Amino acid sequence: MDQEKKQLTVFGYGLAVILSLICVHLWRHQGWHNAHVILFPCIIALILLTAVRYSSLRPLYKKWMKVAHFIGSVITGIILSLLFYLVFGVAGIVLRLLRKDLLDQRIDRDNHSYWKSKEQTAFDKNDYARQF
């Protein structure tokens, strides 16, 4: 099965299942509703259309994917903003309140140099093979 046929059939049957779940939800909470008169024929038409001629779903699928990409980009922005402000912002505030300087950026006027001296070790060939 080629990729496009698979995507269109999954889209067609998946949309039919989603519309069926909406119908069941409406029926359980509100009883018989006018929306059922519209949704039942749409579900049946969608299932038949997917089974017989899946390629006719292509325009609807492309529009659906544009909407899905837009929603995904908005949700991604919201999630990343929340992550930044709630995790990194709070961590930054806590570290400032505790007066921690994890990057050692504090300027010390008494120091002549900020050079970090390294311990001298004996030469070993294995250090070149496994550098990390």
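Here are some notes:
- Yes/no for PHE11 being in contact with a Phe, Trp or Tyr (Cβ under 7 Å, 6 or more places away or on another chain) and part of a helix (DSSP H, G or I): yes
- From ILE43, ILE47, ILE22, ILE38, residue being surrounded by 10 or more Cβ atoms within 10 Å (Cβ to Cβ) and out of contact with any helix residue (DSSP H, G or I) (no Cβ under 8 Å at 6 or more places or on another chain): ILE38
- Residues located in the stretch 18-60, provided they are under 26 Å from LYS6 (Cα atoms) and polar (S, T, N, Q): SER20, THR50, SER55, SER56
- LEU86 vs. criteria open to solvent by 100 Å² or more (accessible area, probe 1.4 Å) and among the aliphatic types (A, V, I, L, M): yes
- Yes/no for SER73 being touching a residue at least 24 places away in the same chain (Cβ under 8 Å), open to solvent by less than 80 Å² (accessible area, probe 1.4 Å) and under 33 Å from the mean Cα position of the chain (by Cα): no
- Count of the stretch 25-34 residues which are open to solvent by less than 100 Å² (accessible area, probe 1.4 Å) and under 32 Å from the mean Cα position of the chain (by Cα): 1
- Taking residues in the stretch 8-19 that are among the aromatic types (Phe, Trp, Tyr), and partners anywhere that are open to solvent by less than 30 Å² (accessible area, probe 1.4 Å) and in a helix (DSSP H, G or I), the pairs with Cβ atoms closer than 6 Å and at least 6 places apart or on different chains are TYR13/THR50.
- Residue match in the stretch 94-101 (condition: of a type in the set (D, E, K, R), open to solvent by less than 70 Å² (accessible area, probe 1.4 Å) and at pLDDT below 95): yes
The values are calculated or read from the model by the stated rules, or taken from the named source; none is laboratory data. Predicted, not measured: the structure shown is a model, and the values here were computed from it. Glycine gets a Cβ as well: all are built from the backbone with ideal geometry, and neighbour counts include every protein chain shown. Accessible surface is based on the protein model in full, side chains and every heavy atom, while ligands, DNA and RNA are left aside. Shrake-Rupley method; radii C 1.70, N 1.55, O 1.52, S 1.80 Å.
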